[in-house]
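The values are calculated or read from the model by the stated rules, or taken from the named source; none is laboratory data. A quick note: this is a predicted structure, and the numbers were derived from the prediction, not measured. Cβ atoms come from the backbone with ideal geometry, glycine included; neighbour counts cover every protein chain shown.
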There are 4 protein chains.
Amino acid sequence: MAKKIERIGIMTGGGDCPGLNAVIRAVVLKAHARGWKVMGLEDATAGLIDLDYRSPHGNRWLEPDDVQDILVRGGTILGTSNRSDPFHFVVEENGEKKEVDVSDTVVENFKKLELDALISVGGDGSMKIAQKLMDKGIPVVGVPKTIDQDLGATDYTFGFNTAVQACTDAIDRLQDTAASHDRVMFLEVMGRNAGWIALASAIAGGAHICVIPEIPYRPQAIVDAIKRRLSKGRPFAIAVVAEGAKPAEGDQSFAGPRELGAMPKLFGAAYKLAAQIEPHLDLDCRVTVLGHIQRGGSPTQFDRILGTRFGAAAVDAVAEGKFGQMVALRTPEIVTVPISEAIANERNVDPNGQLVQAARDTGISFGDR
Amino acid sequence: MAKKIERIGIMTGGGDCPGLNAVIRAVVLKAHARGWKVMGLEDATAGLIDLDYRSPHGNRWLEPDDVQDILVRGGTILGTSNRSDPFHFVVEENGEKKEVDVSDTVVENFKKLELDALISVGGDGSMKIAQKLMDKGIPVVGVPKTIDQDLGATDYTFGFNTAVQACTDAIDRLQDTAASHDRVMFLEVMGRNAGWIALASAIAGGAHICVIPEIPYRPQAIVDAIKRRLSKGRPFAIAVVAEGAKPAEGDQSFAGPRELGAMPKLFGAAYKLAAQIEPHLDLDCRVTVLGHIQRGGSPTQFDRILGTRFGAAAVDAVAEGKFGQMVALRTPEIVTVPISEAIANERNVDPNGQLVQAARDTGISFGDR
Amino acid sequence: MAKKIERIGIMTGGGDCPGLNAVIRAVVLKAHARGWKVMGLEDATAGLIDLDYRSPHGNRWLEPDDVQDILVRGGTILGTSNRSDPFHFVVEENGEKKEVDVSDTVVENFKKLELDALISVGGDGSMKIAQKLMDKGIPVVGVPKTIDQDLGATDYTFGFNTAVQACTDAIDRLQDTAASHDRVMFLEVMGRNAGWIALASAIAGGAHICVIPEIPYRPQAIVDAIKRRLSKGRPFAIAVVAEGAKPAEGDQSFAGPRELGAMPKLFGAAYKLAAQIEPHLDLDCRVTVLGHIQRGGSPTQFDRILGTRFGAAAVDAVAEGKFGQMVALRTPEIVTVPISEAIANERNVDPNGQLVQAARDTGISFGDR
Amino acid sequence: MAKKIERIGIMTGGGDCPGLNAVIRAVVLKAHARGWKVMGLEDATAGLIDLDYRSPHGNRWLEPDDVQDILVRGGTILGTSNRSDPFHFVVEENGEKKEVDVSDTVVENFKKLELDALISVGGDGSMKIAQKLMDKGIPVVGVPKTIDQDLGATDYTFGFNTAVQACTDAIDRLQDTAASHDRVMFLEVMGRNAGWIALASAIAGGAHICVIPEIPYRPQAIVDAIKRRLSKGRPFAIAVVAEGAKPAEGDQSFAGPRELGAMPKLFGAAYKLAAQIEPHLDLDCRVTVLGHIQRGGSPTQFDRILGTRFGAAAVDAVAEGKFGQMVALRTPEIVTVPISEAIANERNVDPNGQLVQAARDTGISFGDR
């Protein structure tokens, strides 16, 4: 029988995602309807590592009035952080940085706050931390968050839909100007290991080229694809480039300009590809890097609903004592799955799957043939 | 073994839906890649009932160039019609309207055009016609289309996502002005029999009241919900009203103003509800009717991808001789199901389901309690 | 020499407008930079009539942190009211409503709050009140606000740009579905006395018919315009209807259906026009009423900039002791004009002006010929 | 007395701009209403230099049906080009590129097409060419086009409003994620010589830093501005960077990282600034380059109306024989001004003007103090 719940904490970790505030709002509203109190912990575990942490707000009790208007807002009102793993916490001592384990402090502070359970919203990294905090006695329920949609345990995660919409809007805009100017437009989008955002927005935007981490590309194949378009009287192209896209190993078809070697890490896959391709075409090449525009903005209705459902389901899971579980979408139902299982199961684009095939069917080249 | 395919026809029937052009585009591009020709038939079966029909274009062969730019466009480049059931075709003779069966003409014209198969994109009504044409010897593959999302055979249909986004955008806008002015805003959205659009947009927009056909409402309960908000210092409310929303049978709590009896059919559920509620509140009531704004507009990325996948899958189904089948989404795969089965299985909002519960959890009243 | 300013008040009156929060933000930020304090007064003069007034917030000092994030938000964080004219204030006594003059209380409360000046953001009505408060000794600077753009003293007022964009977006959506379905779509937009919103959005959206208060229409002329389109193979039309549109006096061309007489006041110009027109056409007619969607939503960049400039200029005017003046845009400069002059000078659409001519040039019928 | 007009040509030159299609549409509709024919010339003067030029369409007569739906579309249906100055036309001969004067051919082809006048829509460069063609006997009317808004002769040019809206939308999105993550976001926008886009979108988006060509920046001043924010508990910032922004001459406050010297020209002002600033802050820096997203997309209502009015006024100017004139907006009227005058008068941001002051008033640092 589950312990009686009266006070819970909620934190958001990892990169921010449109829909995080929908989760927070649903947790607060539903918990309050049950008579619980909800403490918002700031900047992921930072608020538990140091109870006096402020950047800028600090931990605080969240009332329904605090969350009424946040559904439409991107980001997270609790802040987030990529640098607050309590098991590998970086501190500076005598001018040197070193890692320490502050997880005991986290457990202690959790008790000081008299919290009965913790809802942790986050990605892979956050879920691994959640699992380890669970092992140390903190009752945790997980809510999955990855804008890259690369978690096998759930059909969708919130944020992905909004990100793909932002990329698709960008492609729509580039289509007009590419066609007017006889240009090749390279659009770099997120996706270090998984190409879902690039693939989905390329299909939705009617792009002509799409390069993703799962399908290594050959620059020559991309030049060929553009030339085939030229020969059909279409002297322009849109190429969507996942930031993690890589040329096929051993491909020597293009050395690229000399400067490439000197390119600071700052410059991503799209600039590199454009620099490789441009000398072989009689068309101007232009690069757009969407960057964090993909992470921001008001969430789409899809992500607001998914976030709301995840938040409500997480409260149910806490009430039912389902600790160590993570909520997940198995269309059309929300279910719970063990956190440990969930994080073991990454999802990548299947180069032979239906979605890649649908992309090819509408004329998208992946630069592999 | 399936007959060799060389020429296929495609038509779109019923109310238009954002995403129809994505289906048409994918069919044309994929069919051309296979070496087939694709004839676009105008205004649903109208183009097959009369080969000379023009409104304004007439039937025409669709080339890849004809469909390159249509992905971003709402509506359907083929036109559509609700008045072209060949089994109950309305003709005017001597000033009188009567129904005739012109299905033999349709079969004859299909042969005249030397088409090998037909892809019919449409709703319930169109699928029933497709099934009957199939029985008369026309090889048909179906693509489901219902903006109301009320088809049990498929997880999603295209158009629904765009419609809910349009309604959510409208609610976002009304929130600002409702709060500034101490008002109750009624937003009427589509949904004659199924309340999915109202339910989804109420959750996504953070509405306060939602009335849908599946949950009969009592005006008194709605007044009470608004007064509860008032008593908490929130002197405004947003109510989302499905056009098919109905008061609970026998509910006599409100007679409503006398004019209601005289109200022309033109005025829908939101006006009626507002007229019932307003006299019992000390807040201004305002009505917005979104109407066909929900059907138009550039499709969201979700609907463009779903439409593209349905189109590509329909061409596969034709190639594989899967006639009498309809494509459907079983997340994350596209499958085929018998048309006959699909149309037998309507999907309504479950008043006790997870989605209604998530709505209640975030403070939405359905006017039933 | 102007009195030393230390504390000012700001209020927003009349219907809300996208851009009001930009004004408030600029006033607070600029005033704070000068070392002043700014009190936000709630619901127009309501906060001055009764210092204990709460709906829901009450008067409060506004700090820079309170306004940092409001630039993107529609509505007004101060609330507004149409019922708080202190010279004609409605009170209920023994169940009866009567008007009283509470302007002395306003002056008294203004002194109690130790305010040195008042910035009043509002329309015609608010400016008249401001002028009268000025005459009673309150130093007022005005900021014009009318979504209808009907003030001759300033090239633009904020809110208009956002409203026209909302209407144009709606027309864009209706275009797709009107063309797909052979329909006449009526879109009712704001504009009781001035047709600027209807005119601008009709041009921007490529509508086919536009009826505005300044050009009385004849239903027959509208039917003719639609039939001319039909005869050219365009069996659909979009009609933009200002809420104040009226048929030409004495026009008897259409009696309209009998129900029209019984139509509650609730139903506006678009429904009436549609009911008059539909019987004379072989096309479905549909009505969309945008309502307060036009007032809400995040302001366009144009309105945010104009609001910001108005707010900054109002602080300058206070600093320079320019009381009784109103800020105004004379492109590209912000100037000040006497409030008394400004409110005397309404601006209506000139039926023979360039803008109407440009509309006619692109095929828009005003139903007058 | 002006020559009788029967056939006119229209071309669009220079970078594309949202609103170009509105101009083309208005010209075609209004000219046809007068009984004229309108030839669309492809890719600026390319279509006049070689009558057989195709990329992909070639010159063609434009009918009302060709332009009905283009109002909502970005780009230009006529194509454009930066490489078609007939007075300095680049040809390749024996593998070498050289410039030739083909203006006589242009005059000859103009006569061959039996055109009576030419409407040239373009920027600075196009207007200079127009003036020179005028001198050789081609009757030209100009329509100004510059997305940078840097033409003194007209209050606004179309495209600018849409571009600023795109940048403002981007800033809105970055605000959420910057605040959630304690980051400095650099957004590079257009503006090589004039900073209007950066300035306007910085005000509208509530950015914290804005660097423009007209106000040379000192990196140290930007670091200081960010640190002032940090000290007030706001550990994040948005910096809008015009592509032509430059550090103050002789400023040695920052050498920047060594790689900067090796940076290919491809990388613009924002990357350079970020690389200079990041080492001096304890905040992550991220760069977004909007690129051609600013040029594409459906034009705002403002730009559609301005384009429509310019197009209509250009036809009037042709009808009245006002050759050598350019249409221009002097709010609220459209007027004509001599092309020669117009191109002599560039407009830059005035560092001491109202708009820069309004930006400073709302807390924007220009990095100059």
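Below, the figures for the structure above:
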| read-out | value |
| --- | --- |
| Test set (1) within 14 Å of another protein chain (Cβ to nearest Cβ); (2) in contact with a strand residue (DSSP E or B) (Cβ under 8 Å, 6 or more places away or on another chain); (3) within 28 Å of A:PHE110 (Cα to Cα) - A:PHE158 fails condition number | (2) |
| D:THR12, sole failed condition from (1) farther than 24 Å from D:ARG309 by Cα; (2) crowded, with 24+ Cβ neighbours inside 10 Å; (3) not basic (Lys, Arg) | (1) |
| Residues being among the β-branched types (Val, Ile, Thr), assigned to a helix (DSSP H, G or I) and within 21 Å of B:TYR271 (Cβ to Cβ) - total across region B:193-237 | 4 |
| Answer residue from region C:119-159, given it is in a strand (DSSP E or B) and out of contact with any Phe, Trp or Tyr (no Cβ under 7 Å at 6 or more places or on another chain) and is farthest from C:TYR53 (Cα to Cα) among those | C:LEU151 |
| Any hit, region B:48-64, residues being β-branched (Val, Ile, Thr) and surrounded by fewer than 23 Cβ atoms within 10 Å (Cβ to Cβ) | yes |
| Set D:GLY137, D:GLY95, D:GLY125, D:GLY74: member being without any contact (Cβ under 8 Å) to a residue 24 or more places away in the chain and either assigned by TED's automatic domain parsing to the domain that holds D:GLY307 or crowded, with 23+ Cβ neighbours inside 10 Å (or both) | D:GLY95 |
| Selection count, region C:160-190, where residues are outside any strand (DSSP E or B) and under 27 Å from C:LEU281 (Cα atoms) | 17 |
| Residue match in region C:179-188 (condition: in contact (Cβ under 8 Å) with a residue 12 or more places away in the chain, of a type in the set (S, T, N, Q) and not assigned by TED's automatic domain parsing to the domain that holds C:LEU20) | no |
| Number of the condition not met by D:ARG347 [criteria: (1) more than 10 Å from chain C (Cβ to nearest Cβ); (2) within 30 Å of D:ARG218 (Cβ to Cβ); (3) of a type in the set (D, E, K, R)] | (1) |
| When residues of region A:77-92 are limited to those that are away from chain D (no Cβ under 14 Å) and in contact with a Ser or Thr (Cβ under 9 Å, 6 or more places away or on another chain), the one surrounded by the fewest Cβ atoms within 10 Å (Cβ to Cβ) | A:PHE87 |
| Top-ranked residue in region D:172-195 [being more than 9 Å from chain A (Cβ to nearest Cβ) and among the β-branched types (Val, Ile, Thr); ranked as farthest from A:ASP176 (Cα to Cα)] | D:VAL184 |
| Hits in region D:48-72 (condition: within 14 Å of chain A (Cβ to nearest Cβ) and either within 19 Å of C:ILE364 (Cβ to Cβ) or in a helix (DSSP H, G or I) (or both)) | D:ASP69, D:ILE70, D:LEU71, D:VAL72 |
| Meets criteria (farther than 30 Å from D:SER201 by Cα, of a type in the set (Asp, Glu), assigned by TED's automatic domain parsing to the domain that holds D:TYR53 and part of a strand (DSSP E or B)) for D:GLU114 | no |
| For B:GLY291: the one exception among (1) of a type in the set (Gly, Ala, Ser); (2) more than 14 Å from chain C (Cβ to nearest Cβ); (3) over 22 Å from B:ALA153 (Cβ atoms) | (2) |
| Only one of A:GLY19, A:GLY13 that is in contact with a Gly (Cβ under 7 Å, 6 or more places away or on another chain), within 18 Å of A:PRO139 (Cα to Cα) and within 14 Å of chain D (Cβ to nearest Cβ) | A:GLY13 |
| Residues that are without any contact (Cβ under 8 Å) to a residue 40 or more places away in the chain and in a helix (DSSP H, G or I), drawn from region B:30-47 | B:HIS32, B:ALA33, B:ALA46, B:GLY47 |
| Index of the failed condition, C:ASP224 passing every other in (1) crowded, with 24+ Cβ neighbours inside 10 Å; (2) more than 22 Å from the chain's Cα centre (by Cα) | (1) |
| Residue within region A:177-187 that is buried (at least 24 other Cβ atoms within 10 Å of the Cβ) and of a type in the set (Phe, Trp, Tyr) present | yes |
| Residue ranges of helices (runs of 4 or more DSSP H) in region A:283-369 with at least 1 members surrounded by fewer than 24 Cβ atoms within 10 Å (Cβ to Cβ) and among the β-branched types (Val, Ile, Thr) | A:339-344, A:354-361 |
